[in-house]
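Colleague: Here it is, the structure in full.
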Amino acid sequence: MNLLGRWNSQSLAKQFLLTGGLVSLGAMILTGIFVTTLIEGAVTRNSAAATALYVDSVVAPILPDMQTNQILDDTVTRALDETLGQGALASRLMSFRLWRSDGTILYSSEKALVGKRFPVSEDLKAAFDGRMVANFGKVEDLESETERASGKPLLEIYNPVLQPWSGKVVAVSEFYEIADEFQHSLDQARLLSWLAVASFTLAFFLVLSFIVVRGSKTIDRQGKALKQRVSELSDLLAQNKALHAHVQRASQRASALNENYLRRIGADLHDGPAQLLAFAALRLDSDTLVNPAVPGETREHEVMAIKESLDEAMREIRSICEGLVLPHIEAADLSEIVQRAVRAHQYHTGTSVELTMAGSAPELGPSAKICIYRFVQEALNNSFRHAGGIRQRVVQSVQGQRIVIEVFDGGPGFDPEIIGRTSIGLAGLRDRVESLGGRFAVESSRSGTRVTMSLNMNGMEHA
(Lines give C-alpha, C1' and ligand atoms only; values in the text may rest on other atoms or scores of the structure.)
Protein backbone atom coordinates (compact mmCIF):
# COMPACT_ATOMS: atom_id res chain seq x y z
CA MET A 1 0.00 0.00 0.00
CA ASN A 2 2.92 2.30 0.77
CA LEU A 3 4.47 1.52 -2.63
CA LEU A 4 1.16 2.24 -4.37
CA GLY A 5 0.85 5.52 -2.48
CA ARG A 6 4.37 6.55 -3.47
CA TRP A 7 3.58 5.66 -7.07
CA ASN A 8 0.37 7.71 -7.07
CA SER A 9 2.21 10.66 -5.53
CA GLN A 10 4.51 10.89 -8.56
CA SER A 11 3.66 13.21 -11.42
CA LEU A 12 2.11 11.90 -14.63
CA ALA A 13 5.35 12.62 -16.48
CA LYS A 14 7.42 10.45 -14.12
CA GLN A 15 4.85 7.66 -14.23
CA PHE A 16 4.85 7.73 -18.03
CA LEU A 17 8.64 7.89 -18.31
CA LEU A 18 9.03 4.83 -16.09
CA THR A 19 6.13 2.77 -17.45
CA GLY A 20 6.57 3.91 -21.04
CA GLY A 21 10.30 3.28 -20.86
CA LEU A 22 9.79 -0.30 -19.68
CA VAL A 23 7.06 -0.96 -22.25
CA SER A 24 9.15 0.61 -25.04
CA LEU A 25 12.18 -1.46 -24.02
CA GLY A 26 10.11 -4.64 -24.04
CA ALA A 27 8.54 -3.74 -27.38
CA MET A 28 11.96 -2.92 -28.83
CA ILE A 29 13.37 -6.29 -27.72
CA LEU A 30 10.42 -8.27 -29.08
CA THR A 31 10.38 -6.30 -32.34
CA GLY A 32 14.16 -6.65 -32.70
CA ILE A 33 14.01 -10.40 -32.17
CA PHE A 34 11.14 -10.73 -34.64
CA VAL A 35 12.78 -8.55 -37.29
CA THR A 36 16.24 -10.16 -36.97
CA THR A 37 14.66 -13.60 -37.13
CA LEU A 38 12.88 -12.67 -40.34
CA ILE A 39 16.03 -11.10 -41.78
CA GLU A 40 18.16 -14.08 -40.77
CA GLY A 41 15.69 -16.52 -42.32
CA ALA A 42 15.40 -14.51 -45.52
CA VAL A 43 19.18 -14.03 -45.87
CA THR A 44 19.81 -17.70 -45.10
CA ARG A 45 17.25 -18.87 -47.67
CA ASN A 46 18.53 -16.50 -50.35
CA SER A 47 22.17 -17.43 -49.80
CA ALA A 48 21.35 -21.13 -49.64
CA ALA A 49 19.27 -20.93 -52.82
CA ALA A 50 22.12 -19.30 -54.69
CA THR A 51 24.61 -21.89 -53.45
CA ALA A 52 22.22 -24.78 -54.15
CA LEU A 53 21.61 -23.51 -57.65
CA TYR A 54 25.35 -23.29 -58.27
CA VAL A 55 26.09 -26.73 -56.82
CA ASP A 56 23.19 -28.26 -58.67
CA SER A 57 24.39 -26.80 -61.97
CA VAL A 58 27.81 -28.38 -61.43
CA VAL A 59 26.84 -31.71 -59.89
CA ALA A 60 23.56 -32.56 -61.68
CA PRO A 61 25.16 -33.28 -65.11
CA ILE A 62 27.43 -35.87 -63.50
CA LEU A 63 24.67 -37.90 -61.85
CA PRO A 64 23.04 -40.82 -63.70
CA ASP A 65 19.32 -41.47 -63.92
CA MET A 66 18.60 -41.82 -60.22
CA GLN A 67 15.16 -43.20 -60.97
CA THR A 68 16.68 -46.41 -62.36
CA ASN A 69 20.02 -46.46 -60.53
CA GLN A 70 19.78 -46.87 -56.77
CA ILE A 71 23.57 -46.88 -56.35
CA LEU A 72 26.42 -44.95 -57.91
CA ASP A 73 29.13 -46.74 -59.89
CA ASP A 74 32.82 -45.98 -59.58
CA THR A 75 32.84 -43.72 -62.62
CA VAL A 76 30.25 -41.38 -61.16
CA THR A 77 31.96 -41.47 -57.77
CA ARG A 78 35.34 -40.50 -59.23
CA ALA A 79 33.69 -37.74 -61.25
CA LEU A 80 32.09 -36.33 -58.13
CA ASP A 81 35.36 -36.60 -56.24
CA GLU A 82 37.20 -34.70 -58.93
CA THR A 83 34.48 -32.06 -59.27
CA LEU A 84 34.12 -31.46 -55.52
CA GLY A 85 37.84 -31.68 -54.79
CA GLN A 86 38.99 -28.90 -57.03
CA GLY A 87 37.96 -25.50 -58.28
CA ALA A 88 35.49 -23.20 -56.56
CA LEU A 89 33.52 -25.97 -54.88
CA ALA A 90 36.62 -27.33 -53.13
CA SER A 91 37.16 -24.03 -51.31
CA ARG A 92 33.49 -23.30 -50.77
CA LEU A 93 32.11 -26.65 -49.57
CA MET A 94 33.34 -28.50 -46.49
CA SER A 95 31.43 -31.71 -47.22
CA PHE A 96 28.91 -33.16 -49.65
CA ARG A 97 26.45 -36.08 -49.39
CA LEU A 98 23.89 -37.64 -51.68
CA TRP A 99 20.92 -39.26 -49.96
CA ARG A 100 18.45 -41.91 -51.01
CA SER A 101 14.86 -41.69 -49.80
CA ASP A 102 15.32 -44.52 -47.28
CA GLY A 103 18.10 -42.64 -45.46
CA THR A 104 21.03 -44.35 -47.19
CA ILE A 105 24.04 -42.22 -48.13
CA LEU A 106 24.83 -42.92 -51.81
CA TYR A 107 27.82 -40.61 -51.90
CA SER A 108 29.82 -38.64 -49.33
CA SER A 109 33.04 -36.69 -49.42
CA GLU A 110 33.75 -38.59 -46.19
CA LYS A 111 34.11 -42.12 -47.62
CA ALA A 112 33.40 -43.86 -44.34
CA LEU A 113 29.77 -42.77 -44.55
CA VAL A 114 29.04 -44.19 -48.02
CA GLY A 115 26.45 -46.94 -47.90
CA LYS A 116 25.43 -46.27 -44.31
CA ARG A 117 21.84 -45.77 -43.45
CA PHE A 118 20.60 -43.23 -40.93
CA PRO A 119 17.15 -42.26 -39.62
CA VAL A 120 15.43 -39.84 -41.93
CA SER A 121 15.48 -36.38 -40.28
CA GLU A 122 12.78 -33.75 -40.60
CA ASP A 123 14.96 -31.62 -42.85
CA LEU A 124 15.74 -34.61 -45.11
CA LYS A 125 12.08 -35.53 -45.28
CA ALA A 126 11.17 -31.95 -46.22
CA ALA A 127 13.79 -32.01 -49.00
CA PHE A 128 12.33 -35.25 -50.42
CA ASP A 129 8.97 -33.42 -50.39
CA GLY A 130 10.49 -30.95 -52.84
CA ARG A 131 11.49 -28.09 -50.51
CA MET A 132 15.00 -26.73 -50.10
CA VAL A 133 16.02 -26.56 -46.42
CA ALA A 134 18.83 -24.36 -45.08
CA ASN A 135 20.21 -24.08 -41.55
CA PHE A 136 22.97 -21.81 -40.29
CA GLY A 137 25.07 -22.75 -37.29
CA LYS A 138 22.89 -25.76 -36.56
CA VAL A 139 24.79 -29.08 -36.92
CA GLU A 140 22.80 -31.72 -35.05
CA ASP A 141 22.65 -34.71 -37.44
CA LEU A 142 24.24 -37.99 -36.34
CA GLU A 143 26.33 -38.23 -39.50
CA SER A 144 27.81 -34.70 -39.06
CA GLU A 145 30.43 -35.33 -36.37
CA THR A 146 33.25 -34.01 -38.58
CA GLU A 147 31.37 -30.78 -39.28
CA ARG A 148 30.59 -30.24 -35.61
CA ALA A 149 34.22 -30.76 -34.70
CA SER A 150 35.46 -28.20 -37.23
CA GLY A 151 34.31 -25.20 -35.22
CA LYS A 152 33.69 -23.21 -38.39
CA PRO A 153 30.50 -21.31 -39.24
CA LEU A 154 28.65 -23.64 -41.63
CA LEU A 155 25.56 -23.26 -43.78
CA GLU A 156 23.80 -26.64 -44.03
CA ILE A 157 21.71 -27.06 -47.20
CA TYR A 158 19.40 -29.88 -48.26
CA ASN A 159 18.60 -29.56 -51.96
CA PRO A 160 16.20 -31.96 -53.78
CA VAL A 161 17.54 -33.59 -56.96
CA LEU A 162 14.78 -33.64 -59.56
CA GLN A 163 14.29 -35.97 -62.52
CA PRO A 164 14.53 -33.67 -65.57
CA TRP A 165 11.54 -34.88 -67.60
CA SER A 166 9.14 -35.66 -64.69
CA GLY A 167 10.25 -33.20 -62.00
CA LYS A 168 10.11 -35.98 -59.41
CA VAL A 169 12.53 -35.89 -56.48
CA VAL A 170 14.83 -38.87 -56.91
CA ALA A 171 17.55 -37.93 -54.41
CA VAL A 172 18.66 -35.18 -52.04
CA SER A 173 22.04 -33.52 -51.95
CA GLU A 174 23.28 -32.32 -48.57
CA PHE A 175 26.30 -30.08 -48.37
CA TYR A 176 27.92 -27.78 -45.82
CA GLU A 177 29.14 -24.42 -47.06
CA ILE A 178 31.87 -22.60 -45.16
CA ALA A 179 30.02 -19.36 -44.24
CA ASP A 180 32.61 -16.90 -42.97
CA GLU A 181 31.44 -14.13 -45.29
CA PHE A 182 27.84 -15.14 -44.77
CA GLN A 183 28.23 -14.87 -41.00
CA HIS A 184 29.83 -11.45 -41.35
CA SER A 185 26.99 -10.25 -43.58
CA LEU A 186 24.43 -11.76 -41.21
CA ASP A 187 26.02 -10.08 -38.19
CA GLN A 188 25.94 -6.76 -40.02
CA ALA A 189 22.28 -7.28 -40.94
CA ARG A 190 21.46 -8.14 -37.32
CA LEU A 191 23.32 -5.06 -36.05
CA LEU A 192 21.66 -2.73 -38.54
CA SER A 193 18.23 -4.15 -37.82
CA TRP A 194 18.71 -3.73 -34.06
CA LEU A 195 20.00 -0.17 -34.58
CA ALA A 196 17.02 0.65 -36.79
CA VAL A 197 14.50 -0.80 -34.33
CA ALA A 198 16.20 0.93 -31.38
CA SER A 199 16.36 4.27 -33.23
CA PHE A 200 12.71 4.23 -34.25
CA THR A 201 11.62 3.08 -30.79
CA LEU A 202 13.73 5.75 -29.08
CA ALA A 203 12.48 8.49 -31.43
CA PHE A 204 8.87 7.42 -30.88
CA PHE A 205 9.37 7.30 -27.11
CA LEU A 206 11.06 10.73 -27.04
CA VAL A 207 8.25 12.34 -29.05
CA LEU A 208 5.62 10.83 -26.77
CA SER A 209 7.64 11.80 -23.69
CA PHE A 210 7.87 15.41 -24.88
CA ILE A 211 4.10 15.54 -25.41
CA VAL A 212 3.34 13.84 -22.09
CA VAL A 213 5.85 15.94 -20.10
CA ARG A 214 4.46 19.15 -21.56
CA GLY A 215 0.92 18.01 -20.84
CA SER A 216 1.91 16.93 -17.32
CA LYS A 217 3.45 20.35 -16.61
CA THR A 218 0.28 22.02 -17.86
CA ILE A 219 -1.84 19.76 -15.66
CA ASP A 220 0.44 20.43 -12.66
CA ARG A 221 0.18 24.20 -13.19
CA GLN A 222 -3.57 23.99 -13.55
CA GLY A 223 -3.76 21.71 -10.51
CA LYS A 224 -1.76 24.15 -8.39
CA ALA A 225 -3.88 27.06 -9.61
CA LEU A 226 -7.03 25.06 -8.87
CA LYS A 227 -5.80 24.13 -5.38
CA GLN A 228 -4.96 27.77 -4.71
CA ARG A 229 -8.36 28.82 -5.98
CA VAL A 230 -10.07 26.17 -3.85
CA SER A 231 -8.06 27.31 -0.85
CA GLU A 232 -9.06 30.92 -1.49
CA LEU A 233 -12.70 29.94 -1.92
CA SER A 234 -12.51 27.85 1.27
CA ASP A 235 -11.09 30.82 3.17
CA LEU A 236 -13.73 33.08 1.68
CA LEU A 237 -16.45 30.59 2.61
CA ALA A 238 -15.12 30.43 6.16
CA GLN A 239 -15.07 34.22 6.32
CA ASN A 240 -18.62 34.37 4.97
CA LYS A 241 -19.76 31.84 7.56
CA ALA A 242 -18.06 33.81 10.33
CA LEU A 243 -19.54 37.07 9.01
CA HIS A 244 -22.98 35.48 8.72
CA ALA A 245 -22.77 34.24 12.31
CA HIS A 246 -21.50 37.63 13.40
CA VAL A 247 -24.37 39.41 11.62
CA GLN A 248 -26.85 37.06 13.26
CA ARG A 249 -25.37 37.79 16.67
CA ALA A 250 -25.35 41.53 15.91
CA SER A 251 -28.97 41.35 14.82
CA GLN A 252 -29.93 39.57 18.02
CA ARG A 253 -28.01 42.09 20.10
CA ALA A 254 -29.55 44.94 18.11
CA SER A 255 -33.05 43.80 19.13
CA ALA A 256 -32.01 43.74 22.77
CA LEU A 257 -30.26 47.09 22.47
CA ASN A 258 -33.33 48.67 20.88
CA GLU A 259 -35.33 47.59 23.90
CA ASN A 260 -32.68 49.06 26.19
CA TYR A 261 -32.72 52.30 24.17
CA LEU A 262 -36.46 52.49 24.51
CA ARG A 263 -36.22 51.84 28.23
CA ARG A 264 -33.55 54.51 28.58
CA ILE A 265 -35.65 57.01 26.62
CA GLY A 266 -38.64 56.08 28.77
CA ALA A 267 -36.54 56.51 31.89
CA ASP A 268 -35.25 59.87 30.67
CA LEU A 269 -38.79 61.05 29.91
CA HIS A 270 -40.08 59.69 33.22
CA ASP A 271 -37.31 61.10 35.36
CA GLY A 272 -37.10 64.44 33.57
CA PRO A 273 -40.01 65.99 31.62
CA ALA A 274 -42.65 63.75 33.23
CA GLN A 275 -41.63 64.80 36.74
CA LEU A 276 -41.63 68.45 35.77
CA LEU A 277 -45.05 68.17 34.10
CA ALA A 278 -46.36 66.33 37.15
CA PHE A 279 -45.08 69.12 39.36
CA ALA A 280 -46.79 71.71 37.15
CA ALA A 281 -50.02 69.70 37.21
CA LEU A 282 -49.97 69.51 41.00
CA ARG A 283 -49.49 73.27 41.23
CA LEU A 284 -52.41 73.80 38.84
CA ASP A 285 -54.61 71.56 40.96
CA SER A 286 -53.83 73.50 44.13
CA ASP A 287 -56.21 76.16 45.49
CA THR A 288 -53.60 78.84 45.35
CA LEU A 289 -54.53 80.07 41.89
CA VAL A 290 -58.31 79.98 42.35
CA ASN A 291 -58.61 81.04 45.98
CA PRO A 292 -59.49 84.78 46.18
CA ALA A 293 -58.08 84.96 49.66
CA VAL A 294 -54.58 84.22 48.37
CA PRO A 295 -52.67 87.41 47.75
CA GLY A 296 -52.00 88.31 44.15
CA GLU A 297 -48.30 88.30 44.72
CA THR A 298 -48.43 84.66 45.87
CA ARG A 299 -50.57 83.63 42.89
CA GLU A 300 -48.11 85.38 40.56
CA HIS A 301 -45.21 83.52 42.17
CA GLU A 302 -47.04 80.21 41.72
CA VAL A 303 -47.66 80.92 38.03
CA MET A 304 -43.98 81.71 37.52
CA ALA A 305 -42.99 78.38 39.18
CA ILE A 306 -45.38 76.47 36.93
CA LYS A 307 -44.02 78.27 33.87
CA GLU A 308 -40.42 77.50 34.85
CA SER A 309 -41.29 73.84 35.34
CA LEU A 310 -42.96 73.67 31.92
CA ASP A 311 -40.03 75.47 30.29
CA GLU A 312 -37.59 73.04 31.89
CA ALA A 313 -39.67 70.08 30.67
CA MET A 314 -39.67 71.50 27.13
CA ARG A 315 -35.89 71.94 27.21
CA GLU A 316 -35.35 68.37 28.33
CA ILE A 317 -37.76 67.08 25.66
CA ARG A 318 -35.88 69.04 22.99
CA SER A 319 -32.58 67.71 24.32
CA ILE A 320 -33.83 64.15 24.10
CA CYS A 321 -35.17 64.78 20.58
CA GLU A 322 -31.91 66.31 19.46
CA GLY A 323 -30.12 63.15 20.59
CA LEU A 324 -32.53 60.99 18.62
CA VAL A 325 -32.80 63.01 15.42
CA LEU A 326 -29.78 63.30 13.15
CA PRO A 327 -28.86 66.59 11.49
CA HIS A 328 -28.98 66.79 7.71
CA ILE A 329 -25.90 64.78 6.71
CA GLU A 330 -27.13 63.24 3.44
CA ALA A 331 -25.10 65.65 1.29
CA ALA A 332 -22.16 66.01 3.72
CA ASP A 333 -18.77 64.43 3.13
CA LEU A 334 -16.62 62.63 5.71
CA SER A 335 -14.93 65.70 7.18
CA GLU A 336 -18.23 67.63 7.46
CA ILE A 337 -19.91 64.72 9.27
CA VAL A 338 -17.12 64.54 11.86
CA GLN A 339 -17.09 68.32 12.31
CA ARG A 340 -20.90 68.46 12.85
CA ALA A 341 -20.75 65.73 15.48
CA VAL A 342 -17.92 67.50 17.30
CA ARG A 343 -19.62 70.93 17.15
CA ALA A 344 -22.92 69.50 18.42
CA HIS A 345 -21.17 67.91 21.37
CA GLN A 346 -19.31 71.10 22.23
CA TYR A 347 -22.57 73.11 22.03
CA HIS A 348 -24.54 70.79 24.34
CA THR A 349 -21.80 70.10 26.87
CA GLY A 350 -19.82 73.34 26.80
CA THR A 351 -16.56 71.36 26.62
CA SER A 352 -13.78 71.68 24.06
CA VAL A 353 -12.75 68.91 21.65
CA GLU A 354 -9.50 68.83 19.68
CA LEU A 355 -10.16 67.73 16.10
CA THR A 356 -7.53 66.37 13.65
CA MET A 357 -8.47 65.29 10.11
CA ALA A 358 -6.25 63.86 7.36
CA GLY A 359 -7.03 62.28 4.02
CA SER A 360 -10.15 62.36 1.87
CA ALA A 361 -12.61 59.54 1.20
CA PRO A 362 -15.06 58.93 -1.67
CA GLU A 363 -18.75 59.63 -1.33
CA LEU A 364 -20.20 57.38 1.34
CA GLY A 365 -23.58 55.73 1.55
CA PRO A 366 -26.23 56.76 4.10
CA SER A 367 -25.51 53.79 6.38
CA ALA A 368 -21.79 54.63 6.58
CA LYS A 369 -22.50 58.34 7.24
CA ILE A 370 -24.95 57.53 10.05
CA CYS A 371 -22.50 55.04 11.54
CA ILE A 372 -19.67 57.59 11.59
CA TYR A 373 -21.83 60.37 13.05
CA ARG A 374 -23.28 58.12 15.78
CA PHE A 375 -19.82 56.77 16.62
CA VAL A 376 -18.35 60.24 17.21
CA GLN A 377 -21.49 61.39 19.04
CA GLU A 378 -21.73 58.39 21.39
CA ALA A 379 -17.97 58.16 22.01
CA LEU A 380 -17.82 61.85 23.02
CA ASN A 381 -20.94 61.48 25.19
CA ASN A 382 -19.34 58.54 27.03
CA SER A 383 -16.16 60.55 27.41
CA PHE A 384 -18.16 63.44 28.89
CA ARG A 385 -20.19 61.26 31.24
CA HIS A 386 -17.42 58.97 32.52
CA ALA A 387 -14.28 61.06 32.11
CA GLY A 388 -15.67 64.56 32.65
CA GLY A 389 -14.68 65.63 29.12
CA ILE A 390 -10.98 65.82 30.05
CA ARG A 391 -8.62 66.18 27.06
CA GLN A 392 -11.21 65.12 24.52
CA ARG A 393 -9.71 64.54 21.06
CA VAL A 394 -11.00 63.18 17.74
CA VAL A 395 -8.63 61.97 15.00
CA GLN A 396 -9.94 61.09 11.54
CA SER A 397 -7.62 59.55 8.90
CA VAL A 398 -7.68 57.49 5.73
CA GLN A 399 -5.25 54.54 5.74
CA GLY A 400 -5.21 52.88 2.33
CA GLN A 401 -8.74 51.71 1.72
CA ARG A 402 -9.87 52.15 5.32
CA ILE A 403 -11.47 55.09 7.09
CA VAL A 404 -10.18 55.25 10.68
CA ILE A 405 -11.70 57.43 13.42
CA GLU A 406 -10.32 57.56 16.97
CA VAL A 407 -11.82 59.31 20.03
CA PHE A 408 -9.53 59.97 23.02
CA ASP A 409 -10.04 61.28 26.54
CA GLY A 410 -7.81 61.77 29.58
CA GLY A 411 -10.10 60.16 32.17
CA PRO A 412 -9.21 57.52 34.79
CA GLY A 413 -10.09 54.67 32.43
CA PHE A 414 -12.06 51.46 33.00
CA ASP A 415 -12.06 47.73 32.22
CA PRO A 416 -13.43 47.34 28.67
CA GLU A 417 -14.33 43.68 29.27
CA ILE A 418 -16.65 44.53 32.17
CA ILE A 419 -18.10 47.80 30.92
CA GLY A 420 -18.46 46.52 27.33
CA ARG A 421 -20.98 43.86 28.33
CA THR A 422 -23.20 46.23 30.27
CA SER A 423 -22.79 49.53 28.41
CA ILE A 424 -25.59 50.14 25.95
CA GLY A 425 -23.57 52.83 24.19
CA LEU A 426 -20.42 50.80 23.59
CA ALA A 427 -22.33 47.64 22.65
CA GLY A 428 -24.50 49.60 20.24
CA LEU A 429 -21.46 51.21 18.65
CA ARG A 430 -19.73 47.83 18.23
CA ASP A 431 -22.78 46.28 16.57
CA ARG A 432 -23.35 49.31 14.36
CA VAL A 433 -19.72 49.32 13.12
CA GLU A 434 -19.38 45.55 12.71
CA SER A 435 -22.70 45.30 10.86
CA LEU A 436 -21.01 47.29 8.06
CA GLY A 437 -18.00 44.95 8.04
CA GLY A 438 -15.89 47.38 10.07
CA ARG A 439 -13.70 46.99 13.13
CA PHE A 440 -14.35 48.35 16.61
CA ALA A 441 -11.86 48.49 19.49
CA VAL A 442 -11.69 49.98 22.98
CA GLU A 443 -8.38 50.54 24.81
CA SER A 444 -8.39 51.98 28.31
CA SER A 445 -5.83 52.62 31.01
CA ARG A 446 -5.36 54.95 33.96
CA SER A 447 -4.06 57.64 31.63
CA GLY A 448 -7.12 57.65 29.38
CA THR A 449 -9.32 55.79 26.93
CA ARG A 450 -9.25 55.38 23.16
CA VAL A 451 -12.24 54.17 21.12
CA THR A 452 -11.45 53.25 17.49
CA MET A 453 -13.56 52.36 14.48
CA SER A 454 -12.46 51.57 10.92
CA LEU A 455 -14.48 50.92 7.77
CA ASN A 456 -13.21 49.31 4.58
CA MET A 457 -14.21 51.46 1.60
CA ASN A 458 -13.97 48.49 -0.80
CA GLY A 459 -17.35 46.90 -1.22
CA MET A 460 -19.13 49.58 0.80
CA GLU A 461 -22.32 51.17 -0.37
CA HIS A 462 -21.56 54.47 -2.13
CA ALA A 463 -23.78 57.46 -2.41
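Colleague: Could I have the simple spin-label model distance between residue 101 and residue 4, label points 7 Å from Cα toward Cβ, reported in nm to one decimal?
Modeller: About 6.7 nm, to one decimal.
Colleague: In what sequence, largest accessible area first, do 96, 200, 128 appear using a 1.4 Å probe?
Modeller: Working: 96 5, 200 155, 128 40 Å².
So the residues, ranked largest to smallest area, are 200, 128, 96.
Colleague: Calculate the FRET efficiency for residue 162 and residue 92 from the Cβ-Cβ distance with a Förster distance of 22 Å, rounded to the nearest 0.05. Don't jump to the answer; show the numbers that get you there.
Modeller: Values: r = 22 Å, r/R0 = 1.01.
Rounded to the nearest 0.05, the efficiency is 0.50.
Colleague: Report the label-to-label distance for residue 417 and residue 200 in nanometres (one decimal), using points 7 Å from each Cα along the Cα→Cβ vector.
Modeller: That separation, rounded to one decimal, is 8.3 nm.
Colleague: Using protein chains only and a probe of 1.4 angstrom, how many square angstrom of residue 241 are accessible, to the nearest 10?
Modeller: Accessible area, nearest 10 Å²: 130 Å².
Colleague: Can you tell me the FRET efficiency between residue 301 and residue 274 if r is taken as the Cβ-Cβ distance and R0 is 25 Å, rounded to the nearest 0.05? Please report the intermediate quantities before stating the final value.
Modeller: Values: r = 24 Å, r/R0 = 0.96.
Given R0 = 25 Å and the Cβ-Cβ separation, E is 0.55.
Colleague: What is the distance, in nm, between label points placed 7 Å from the Cα along the Cα-to-Cβ direction at residue 228 and at residue 82?
Modeller: With each label point 7 Å from Cα toward Cβ, the separation is 9.8 nm.
Colleague: So how do 333, 431 rank on accessible area, 1.4 Å probe, biggest first, that is with the largest at the start? Could you put the intermediate results ahead of the total?
Modeller: Working: 333 60, 431 10 Å².
If we order 333, 431 from most to least accessible, we get 333, 431.
Colleague: Moving to a separate point now. Between residue 111 and residue 367, 0.36 nm times their residue separation minus their Cα-Cα distance comes to what? Don't skip to the end; give the middle numbers.
Modeller: Numbers: separation 256, 0.36 × 256 = 92.16 nm, distance 12.52 nm.
Once the chain is fully extended between residue 111 and residue 367, it gains 79.6 nm.
Colleague: Which sequence of 374, 45 reflects their accessible areas, 1.4 Å probe, from the largest down?
Modeller: Numbers: 374 40, 45 140 Å².
Accessible-area ranking of 374, 45, largest first: 45, 374.
Colleague: Please report the accessible area of residue 25 (heavy atoms, 1.4 Å probe, ligands and nucleic acids excluded) in Å², nearest 10.
Modeller: 90
Colleague: Starting from segment 304-393, pick out the GluC sites (Glu not before Pro) whose DSSP state is loop and whose Cβ has at most 10 other Cβ atoms within 10 Å. The partial results should precede the final answer.
Modeller: Details: sites: 308, 312, 316, 322, 330, 336, 354, 363, 378; in loops: 330, 363.
Here the sparse-neighbourhood loop sites are 330.
Colleague: OK, next. Kindly report, to the nearest 10 Å², the accessible surface of residue 180 as traced by a 1.4 Å probe over protein heavy atoms only.
Modeller: Residue 180 exposes around 90 Å² with every protein chain in place.
The values are calculated or read from the model by the stated rules, or taken from the named source; none is laboratory data. Just so it is clear, the model here is predicted, and its values are computed rather than measured. In this analysis, Cβ positions are derived from the backbone assuming ideal geometry, glycine residues included, and neighbour counts consider all displayed protein chains. Just the protein is used for accessible areas: all its heavy atoms, side chains included, with ligands, DNA and RNA removed. Shrake-Rupley method; radii C 1.70, N 1.55, O 1.52, S 1.80 Å.
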